[in-house]
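Trainee: Below is one structure. I have some questions about it.
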Amino acid sequence: MMGDPSTASERGIIPNCFAHIFGAIEENRQESDKETKYLVQCSYLEIYKEDVFDLLTEKKRGAPAQKLDVREDANRNFYVKDLKWVMVNSIEEMEKAMNFGNNNRKTAATKMNARSSRSHSIFQVYLETATTQDGQQVIKAGKLNLVDLAGSERSSKTGAQGETLKEGILINKSLMTLGNVITALCDSKAKHIPYRDSNLTRLLQDSLGGNTKTVMIAALSPANYNFDETMSTLRYANRAK
């Protein structure tokens with residue numbers, strides 16, 4: 001997803017997203033004959049064992065990370081109370097925020113991955129434009145969610161035990177809920193979408209349904225040893241239509 005941000009031809013999807021956002025802003029400034037103001041903010045959170053944590057907040061030494069509450073507003077949209085938003089003015093500032101958050105993510109070593117993510121993460125980019133037309137200010141806004149899903153795990157292969165095993169069970173549970181939500185959205189006869197069954201699907205509700213575009217990218221392994229995991233991942237990604 002990241003690639004090599006320092007080389008244009010080797011940049012991953014995430015750095016290219018940042019470049020596209022600020023490139024489009026600069027292009028619009030040069031071509032538009034209207035005075036437009038731009039606001040770009042970002043936040044970064046992780047969902048660890050169904051609890052939500054802010055990755056952009058400086059942790060106090062020796063103090064446990066503070067859990068954040070998922071709330072519902074008057075329009076029945078979910079949000080994270082007290083989540084930190086950072087205003088950014090360049091690609092470098094946005095990458096700095098992401099790198100800071102990545103250093104705060106929870107990881108652990110397993111037999112299949114020396115640095116296995118133990119949480120799902122959501123990097124949110126909020127973009128707002130304000131233009132004056134006929135004496136009236138017109139505001140438009142959009143949001144981009146860059147989601148890193150922790151991979152589903154088989155304890156027989158990962159060798160997970162104790163706390164790492166519990167983490168894997170909850171990762172699998174939330175992935176199953178996400179799969180159920182996607183399946184329900186694709187079924188025209190479905191009467192209920194189980195967004196509330198996990199914090200992951202609560203926070204991704206506005207990115208999965210309604211007037212949104214969703215892309216799922218699957219990470220696969222070419223090794224024969226991982227054949228079962230590769231097929232399972234492909235079947236899972238195939239739900240997103």
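The values are calculated or read from the model by the stated rules, or taken from the named source; none is laboratory data. All values reported here derive from a predicted model rather than from experimental measurement. Virtual Cβ from ideal backbone geometry, glycine too; neighbours counted across all protein chains shown.
Trainee: From the list Thr183, Thr164, exactly one residue is modelled with pLDDT of 80 or more, of a type outside the set (Phe, Trp, Tyr) and in a helix (DSSP H, G or I). Which is it?
Mentor: None of the others qualify; the one that does is Thr183.
Trainee: Right, here's the next one. Among (1) touching a Pro at 6+ places or on another chain (Cβ under 8 Å); (2) loosely packed, with under 12 Cβ neighbours inside 10 Å, there is one condition Lys81 misses while meeting the rest; what is its number?
Mentor: Here Lys81 meets the rest and fails (1).
Trainee: Before we move on, is Ala150 of a type in the set (A, V, I, L, M), assigned to a loop (DSSP other than H, G, I, E, B), modelled with pLDDT under 85 and under 28 Å from Val70 (Cβ atoms)?
Mentor: Considered against the rule, which asks whether it is of a type in the set (A, V, I, L, M), assigned to a loop (DSSP other than H, G, I, E, B), modelled with pLDDT under 85 and under 28 Å from Val70 (Cβ atoms), Ala150 comes out as yes.
Trainee: A further question follows. Where the second residue is loosely packed, with under 14 Cβ neighbours inside 10 Å and at pLDDT 90 or above and the first is under 18 Å from Met94 (Cβ atoms) and lies in the stretch 13-40, which pairs have Cβ atoms under 8 Å and are six or more apart or on separate chains?
Mentor: Phe22/Ser90; Leu39/Met87; Val40/Met87; Val40/Asn89
Trainee: Let me ask something additional. Answer with yes or no whether Ala63 is free of Cβ contacts under 8 Å to residues at least 40 places away in the same chain and either surrounded by 11 or more Cβ atoms within 10 Å (Cβ to Cβ) or among the small types (Gly, Ala, Ser) (or both).
Mentor: yes
Trainee: Just to be sure before I move on: is Ala63 at negative phi and in a loop (DSSP other than H, G, I, E, B) in the structure I sent?
Mentor: Yes, satisfied.
Trainee: Looking at the stretch 19-53, which of its residues are assigned to a helix (DSSP H, G or I) and buried (at least 17 other Cβ atoms within 10 Å of the Cβ)?
Mentor: Ile21, Phe22
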